[in-house]
Amino acid sequence: MDKLWAYVAGLAAFAASGALAQSVDPAPKADDGVFVPGSLELVADGYTFTEGPVWDGTRVIFSDIPGDTVYVMTPAEGPPTVLYTPSALANGHTFDREGRLLNAEHGSGEITRWTPEGGRQTVVAEYEGRHLNSPNDVVVRASDGMIFFTDPPYGLGSAYQGVKREAEVGFNGIYGFDEATGRMVLIDDALARPNGLAFSPDESVLYVGDTATQTVWAYDIAADGTASGKRLVVDVTDEGKQGRVDGVRVDSEGQVYFTCPGGLCVVAPDGKLIARLETPKRATNLAWGGPDLSELYITALSDVYRVKTNARGIGSSSIPAR
């Protein structure tokens, strides 16, 4: 791993100066009043490839994967600053029930926990004795703290967003992990590129995006983490627009938000399209934020945007209520 840090240290020099609260044109396009028209704004720019936004109650945290750095930004208090580096090429983030940051890392191929006092600590790195591919995104079930994450192969290909190495698991999985017992549950091994994921408000349904097929899927999740009732929610394939299904979030009414061709899409649990938002650059992920979790922070290639909504966010990208 020392060679990895040496390599990406140079890339970290690209770490950006933030551009705060710049209005963006065109204004958001809403179908059903979800997004507040004219509220989309650029809040940070100049990075290499932004991902994994989360909200810690007062600040937004996000990754620059090739820059090997995790940043933090307090709205209206200047540009983002470094939270920690190196980050093992961290991608997605969430929080455990104690408010500690969890990370899906391309570089290490692990789910880790980071704290200012203890730095990075491995949470899970293997399935049945075989090293994971490159965990991409991660959520925590607030009711019991069980960790759920996706494990596509993106970080295996090269040092740009990972470490070139052979796949050991043999498939691209969705997992549940009970940290207290060390028990791992394989939810699905059939999606081509499982990516973003989020729970329904009652935590009975897990939504997962498949980047390769431009689809969102739903699973009924039991108390022990096992899944049943796999079903397609929506297919948003559109080769005429940039962007793919990647990050996934859910609001308090159960509507599903996800990156899609052109920007963001919002659908009802039955797959009916409710709203779309065009973004100036290809959106990679999103997170609820703001004092009442009514704002969405959107990572998009080199940039981070913010948009106001008429909805209220839950889970996945904010510290769970205690």
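The values are calculated or read from the model by the stated rules, or taken from the named source; none is laboratory data. Bear in mind that the values here come from a model prediction, so they are computed numbers and not experimental data. Please note: Cβ atoms are built from the backbone with ideal geometry, for glycine as well, and neighbour counts cover all protein chains shown.
Just one of the listed residues (Leu186, Leu191) is assigned to a strand (DSSP E or B) and hydrophobic (A, V, I, L, M, F, W, C), namely Leu186. Taken over the range 234-254, the criterion of being under 17 Å from the mean Cα position of the chain (by Cα) and at negative phi is satisfied by Arg244, Val245, Asp246, Gly247, Val248, Arg249, Val250, Asp251.
When the residues of the range 240-275 are narrowed to those that are among the charged types (D, E, K, R) and out of contact with any Pro (no Cβ under 6 Å at 6 or more places or on another chain), which ends up surrounded by the most Cβ atoms within 10 Å (Cβ to Cβ)?
Restricting attention to the range 240-275, the residues satisfying the condition of being among the charged types (D, E, K, R) are 241, 244, 246, 249, 251, 253, 270, 272.
Subset that is out of contact with any Pro (no Cβ under 6 Å at 6 or more places or on another chain): 244, 246, 249, 251, 253, 270, 272.
Values: Arg244: 23, Asp246: 23, Arg249: 29, Asp251: 23, Glu253: 12, Asp270: 8, Lys272: 12.
Residue satisfying both the conditions and the ranking: Arg249.
Residues that are buried (at least 24 other Cβ atoms within 10 Å of the Cβ), polar (S, T, N, Q) and not in a loop (DSSP other than H, G, I, E, B) within the range 65-96 comprise Thr69, Asn91, Thr94, listed in sequence order. When we screen Gly182, Gly229 for residues that are in contact with a strand residue (DSSP E or B) (Cβ under 7 Å, 6 or more places away or on another chain) and small (Gly, Ala, Ser), the only hit is Gly229. Identify the single condition in (1) out of contact with any helix residue (DSSP H, G or I) (no Cβ under 6 Å at 6 or more places or on another chain); (2) of a type outside the set (D, E, K, R); (3) without any contact (Cβ under 8 Å) to a residue 60 or more places away in the chain that Ser134 does not satisfy, given that it satisfies every other one. Looking at each condition in turn, Ser134 falls short on (1). Among the residues making up the range 117-140, those that are charged (D, E, K, R), surrounded by fewer than 20 Cβ atoms within 10 Å (Cβ to Cβ), out of contact with any Asp or Glu (no Cβ under 7 Å at 6 or more places or on another chain) and closer than 19 Å to Asp189 by Cβ are Glu126, Glu128.
Among the residues of the range 117-124, is any more than 21 Å from Val169 (Cα to Cα) and among the polar types (S, T, N, Q)?
Yes, some residue in the range 117-124 is more than 21 Å from Val169 (Cα to Cα) and among the polar types (S, T, N, Q).
Taking residues in the range 200-213 that are at negative phi and in contact (Cβ under 8 Å) with a residue 40 or more places away in the chain, and partners anywhere that are hydroxyl-bearing (Ser, Thr, Tyr) and part of a loop (DSSP other than H, G, I, E, B), the pairs with Cβ atoms closer than 7 Å and at least 6 places apart or on different chains are Pro201/Ser252.
Of all residues in the range 161-184 being aliphatic (A, V, I, L, M) and within 16 Å of Glu110 (Cα to Cα), which is surrounded by the most Cβ atoms within 10 Å (Cβ to Cβ)? Please lay out each step first, then the result.
Keep residues of the range 161-184 that are aliphatic (A, V, I, L, M), which gives 163, 167, 169, 174, 180, 184.
Narrowing the set further to residues that are within 16 Å of Glu110 (Cα to Cα) leaves 163, 167, 169, 174, 184.
Details: Val163: 21, Ala167: 15, Val169: 18, Ile174: 25, Met184: 17.
Here the residue is Ile174.
Of the residues making up the range 135-162, those that are of a type in the set (Ser, Thr, Tyr) and modelled with pLDDT under 95 are Ser143, Tyr154, Ser158, Tyr160.
Could you tell me whether the range 149-158 includes any residue that is closer than 24 Å to Val216 by Cβ and in a loop (DSSP other than H, G, I, E, B)? For the range 149-158, residues closer than 24 Å to Val216 by Cβ and in a loop (DSSP other than H, G, I, E, B): present.
The set of residues in the range 44-101 that are touching an Asp or Glu at 6+ places or on another chain (Cβ under 9 Å), of a type in the set (Gly, Ala, Ser) and under 18 Å from Leu296 (Cα atoms) comprises Ala44, Gly52, Ser63, Gly92.
Criterion applied to Thr226, Thr237 was being free of Cβ contacts under 8 Å to residues at least 40 places away in the same chain and surrounded by fewer than 24 Cβ atoms within 10 Å (Cβ to Cβ), and the one residue passing it is Thr237.
Can you tell which of Ser158, Ser108, Ser143 is in contact (Cβ under 8 Å) with a residue 60 or more places away in the chain, surrounded by fewer than 18 Cβ atoms within 10 Å (Cβ to Cβ) and of a type outside the set (A, V, I, L, M, F, W, C)?
On the way: Ser158 fails: in contact (Cβ under 8 Å) with a residue 60 or more places away in the chain; Ser108 fails: surrounded by fewer than 18 Cβ atoms within 10 Å (Cβ to Cβ).
Testing whether each residue is in contact (Cβ under 8 Å) with a residue 60 or more places away in the chain, surrounded by fewer than 18 Cβ atoms within 10 Å (Cβ to Cβ) and of a type outside the set (A, V, I, L, M, F, W, C) leaves just Ser143.
For the structure I just gave you, tell me whether Leu286 is in contact with a strand residue (DSSP E or B) (Cβ under 6 Å, 6 or more places away or on another chain) and either of a type in the set (Phe, Trp, Tyr) or in a strand (DSSP E or B) (or both).
Details: in contact with a strand residue (DSSP E or B) (Cβ under 6 Å, 6 or more places away or on another chain): yes; either of a type in the set (Phe, Trp, Tyr) or in a strand (DSSP E or B) (or both): yes.
Yes: the conditions hold for Leu286.
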